[in-house]
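The values are calculated or read from the model by the stated rules, or taken from the named source; none is laboratory data. This structure is a prediction, so every number in the text was calculated from the model and none was measured. Here the Cβ is made from the backbone with ideal geometry for all residues, glycine too, and neighbour counts use every protein chain on show. Accessible surface is based on the protein model in full, side chains and every heavy atom, while ligands, DNA and RNA are left aside. Shrake-Rupley method; radii C 1.70, N 1.55, O 1.52, S 1.80 Å.
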Amino acid sequence: MSANKLNIEGIMLFEQPFARVPYENYRKVFRASQKNIEKELTAVQTAANDIAKRAKSGSSSSEDAVNALDSMITRVETLKRKLADLQSSSGASTIGVMRERFKHLSSVEGMQASSDPEFARWADTRLDRWLVDWSLRNGKEKTAKMIADERRIERLVDIELFSDIRRIEDALKQRSCTEALTWCSENKSALRKVKNTLEFDLRLQEYIELARVGKNLEAIAYSKKHLLPWQESHLPQIRQASALLCFPPSTTCSPYKRLYDLSRWNTLIQSFRLAIYNLSTLSSEPLLHLAMYAGLASLKLPACYDPQTKNVDCPVCDPSLGKLAEEVPFSHHVNSTIVCRITGKIMNEDNMPMAFPNSGQVYSREALEDMAARNDGIVKDPKTGETCEFSALRRLFIS
Ligand SMILES: [Zn+2]
């Protein structure tokens, strides 16, 4: 096995949402079709039973029967048109997206090594996808669209999903739960499967808003209709909500003060985002960050966080990437790669590490030779200020 053999399994670990998002979209098309079929066919069945019943009792004329049949035919024709519309408006394009994404994924399976130029191109596209993902998550939709358009990867990125997210979040920022509740009902069974209770939180918020403006009767009716169905799992919250009607929004009584707190809207936005990421198996952090964690963990050394020992060429020493690396563990290769703090180059038998006689500070031969050449053979330790002849330096051997 060659050292740079591709780790296909590792690559695929990142790709679950890539396949999942269009699948969820298609599931929605499928559900909508199914609902339409059920609704129209039930109506046709009822009409047919009705004709049969009336014919038996002799209470209908043949003209009535013909009219009833006509309306049944109209229903079925409408159904056919609706299904065709669904298929052409979103069904076909979603299938196209799925096909293209699977093609993109399966192409990497044929590649043998990371040195394969095909793989370099594939990884470039992947990086573009991650940049789009990062931009979308950070509200930079224009940038995302520009990258997607320029690199022709519109079908490989989830711009629509994120514009949905933005639309629903904007509504929540305007203190309206309507859009988010519609999303919940579209994804009811999937949310139930993962025991997500976003819908209850939204309902409770609508109730609180009724209480806030003193519409107590409406609040009670609302609670009966929308909160009580949750009593099996949320009875304490429902009880507390009932008591809320006795307290004005200006109350200082802490549980009720918390319910009236407007920061609940921000919590709802966060819960919504987590719920929609969860259903699409999207990580809560940008994929770009996750991919970088892996790389940063292999480079991170304690020295990266010491201003005295920062290395110009080390990504982790860079303040912004270092911030990202805060959460990742230190590299296990502390002793196997030694990097020169002056040049940022790896020290090995071709570029030996050399130590100052007193301070013991180690730098690469190249850096010290360069320094000596510019200073009449004298080298100076940038850390301690110790100076000596180049010839006085100790050579170190890497074992
Ligand atoms: Zn570093």
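With kT/(6 pi eta Rh) evaluated at 25 °C and eta = 0.890 mPa s, and Rh the Kirkwood radius from Cα pairs, segment 346-395 diffuses with a coefficient of 232 µm²/s according to Stokes-Einstein.
Here the Karplus relation 6.51 cos²θ - 1.76 cosθ + 1.60, evaluated at θ = phi - 60°, turns the backbone of segment 341-351 into coupling constants of 6, 8, 9, x, 8, 6, 9, 8, 5, 7, 9 Hz, with x for every Gly and Pro. Only Lys, Arg, Asp and Glu carry charge here, each on its Cβ (+1 for the first two, -1 for the last two); on that basis segment 346-395 has a dipole of about 160 debye about its Cα centre.
Taking only the C-alpha atoms of the chain, Rg followed by Dmax gives 32.6, 121 Å. Taking the Cα centre of each part, how many Å lie between segment 339-399 and segment 176-234? That distance is 69 Å. Across segment 346-395, Cα pairs under 8 Å and at least six residues apart give a relative contact order of 37 percent. Dipole magnitude for segment 287-336: computed about the Cα centre from +1 point charges on Lys and Arg Cβ and -1 point charges on Asp and Glu Cβ, it is near 20 debye. Helix 287-299 and the longest principal axis of the Cα set of the chain meet at an angle near 20°.
Each peptide in 58-69, 285-296 gets a packing score, the mean of other Cβ atoms within 10 Å over its residues, and the list from highest to lowest is 285-296, 58-69.
If R0 is 56 Å, the Cβ-Cβ spacing of I338 and Q240 corresponds to a FRET efficiency of close to 0.35. When the solvent-accessible area of segment 1-112 is split by element, carbon and sulfur atoms take up 57 percent of it, the probe being 1.4 Å.
In the structure displayed, which of K56/K80; K28/K188; K35/K80; K35/K173; K188/K215 lie more than 21 Å apart, Cα to Cα? Cα-Cα > 21 Å for K56/K80; K35/K173; K188/K215; rest within.
Report the calculated FRET efficiency for L396 and R121 (r = Cβ-Cβ distance, R0 = 41 Å), to the nearest 0.05. Efficiency, from the Cβ-Cβ distance: 0.45.
Sorting V312, V108 by accessible area (1.4 Å probe), largest first, what list results? Before the final figure, lay out the partial values.
Details: V312 110, V108 0 Å².
Listed by decreasing accessible area, they come as V312, V108.
Estimated at the nearest 10 Å², the accessible area of E389 is 100 Å² with a 1.4 Å probe.
Using R₀ = 51 Å, calculate the FRET efficiency as 1/(1 + (r/R₀)^6) where r is the Cβ-Cβ separation of N278 and E63; round to 0.05. Taking R0 as 51 Å, the efficiency between N278 and E63 is 0.35.
Net charge dipole, the chain: roughly 1580 debye, given to the nearest 20, about the Cα centre with Cβ charges of +1 for Lys and Arg and -1 for Asp and Glu. Note on M371: accessible area is roughly 30 Å² with a 1.4 Å probe, heavy atoms of protein only.
For the chain, what is the calculated [θ] at 222 nm in deg cm²/dmol (nearest 500), taking -39500 (n - 2.57) for each run of four or more DSSP H residues and dividing by its residue count? The partial results should precede the final answer.
Numbers: 17 runs with 241 residues, N = 399.
Only helices count here, giving -19500 deg cm²/dmol.
The string of couplings for segment 359-364 from the Karplus curve (6.51, -1.76, 1.60, θ = phi - 60°) is 6, x, 5, 10, 9, 7 Hz, one whole number per residue in order, with x for Gly and Pro. Going by accessible surface with a 1.4 Å probe and the largest first, K345, K56 read K56, K345. Residues of segment 121-162 falling in the label zone of K28, defined by backbone nitrogen less than 16 Å from a point 7 Å along Cα to beta-carbon, are 157-162.
Sequentially through segment 173-180, phi angles give Karplus couplings (6.51, -1.76, 1.60; θ = phi - 60°) of 4, 7, 6, 10, 8, 3, 4, 5 Hz, Gly and Pro residues having no value and appearing as x. Taking amide H positions as modeled 1.01 Å from N, with prolines and chain starts lacking one, the residues under 5 Å from V339 and 5 or more places away or on another chain are M347. When the Cα positions of L127, L41, C184 are compared along the charge dipole of the chain, L41 comes out farthest toward the positive end, with charges on each C-beta of Lys, Arg, Asp and Glu.
In the assembled protein chains, C253 presents an accessible area of approximately 50 Å² (probe radius 1.4 Å).
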